[in-house]
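Below you'll find the structure, written out as structure tokens, and then a few comments.
The values are calculated or read from the model by the stated rules, or taken from the named source; none is laboratory data. Being a predicted model, the structure only gives us computed values, none of them experimental. Note that each Cβ is placed from the backbone with ideal geometry, even for glycine, and that neighbours are counted across all protein chains shown. Remember, those area values only see protein heavy atoms, side chains included, never the ligands or the DNA or RNA. Shrake-Rupley method; radii C 1.70, N 1.55, O 1.52, S 1.80 Å.
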Amino acid sequence: MDLMSIRLRDVMMRELPQLRHEPIDKRIRATLGGATVIDTTRALLVWEPRRVVPTYAVPEADLDAEVVAGEARPDAPAPELPHLGDLPVLDPSIPFSVRSTEGEPLLVRRDGRTAEAFRAADADLGGYLIVDFDGFDAWFEEDEPNVGHPRDPFHRIDIVHGSRHVRVSVGGEVIADTRAPTLLFEPPIPPRYYLPREDVRMDLLAPSPRRTFCAYKGEASYLSLAGEPDVAWYYPAPLREAAEVTDRIAFFNELVDIEVDGARLERPVTPWSKR
């Protein structure tokens, strides 16, 4: 019998429409209104169908807060979903309140402060509440702050130094040209090329007020071109895993033309593509 090899990325993408969970061994804590309302060593990571990053599910018994019924929400138009390849997905820009599985909306309440939660109609998640990461003031994995979203144990970043010739252009105008890129790999996101500032036309780029948080790299600052907002980003003070890209400039493959060793890359379809 002939055996067929399976591409692992295809397996992962095929499972995206499913409700998924994974136990973690870390102590997880969260604060709300200055009080620690979650302190557990029994947390789960949960990915609702089509969610590309996990959120925490915590035993209701480990909550130091009230759990009350959530407010009924009026029907609203379905949000326009970003895509990852051909698949529409729920990335972190899609609010926690957008559900892709059955269950009961709830609120976690402590001293007048509330955060959204959700009790999934799934036997494997019985006794657990899925909680809105952004609804709490701060999160800690063991004693380290956790930003952006919970860390996925099956996701990692890989940073390597290269000597490929990387050229970035917009509308035919070259805005970066280097033979000293630092490459950051973070599948299924396409490779990102972090370039030395001296090889980037910084005079064409203007600071943007936009800031985002990555659970693996830290807080990103953005740069805009005339007519192309937030086309590039950098990490002024990244987390330790990403220290090697400090202050280097990366451009969205989805928004600019990038050539590597003379070959133009196809623009990938990701949540950062124009919708």
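Looking at ASP91, ASP134, which one is within 18 Å of the chain's Cα centre (by Cα) and farther than 30 Å from VAL200 by Cβ?
Testing whether each residue is within 18 Å of the chain's Cα centre (by Cα) and farther than 30 Å from VAL200 by Cβ leaves just ASP134.
Within the range 1-31, how many residues turn out to be part of a loop (DSSP other than H, G, I, E, B) and open to solvent by 100 Å² or more (accessible area, probe 1.4 Å)?
Qualifying residue count, the range 1-31: 8.
Is it the case that some residue within the range 32-50 is among the aliphatic types (A, V, I, L, M), more than 30 Å from ARG14 (Cα to Cα), assigned to a strand (DSSP E or B) and open to solvent by 70 Å² or more (accessible area, probe 1.4 Å)?
Among the residues of the range 32-50, not one is among the aliphatic types (A, V, I, L, M), more than 30 Å from ARG14 (Cα to Cα), assigned to a strand (DSSP E or B) and open to solvent by 70 Å² or more (accessible area, probe 1.4 Å), which makes the answer no.
For the range 63-156, list the strands (runs of 3 or more DSSP E) that sit wholly inside it and hold at least 1 residues that are aliphatic (A, V, I, L, M) and loosely packed, with under 15 Cβ neighbours inside 10 Å; which are they?
The strands (runs of 3 or more DSSP E) meeting that bar are 66-69, 138-141.
Please list, ordered by first then second residue, the pairs with beta carbon atoms under 7 Å, 6 or more apart or interchain, first in the range 167-194 and β-branched (Val, Ile, Thr), second open to solvent by 60 Å² or more (accessible area, probe 1.4 Å) and modelled with pLDDT of 95 or more.
VAL174/ARG167; ILE175/ARG201; THR182/HIS161; THR182/GLU244
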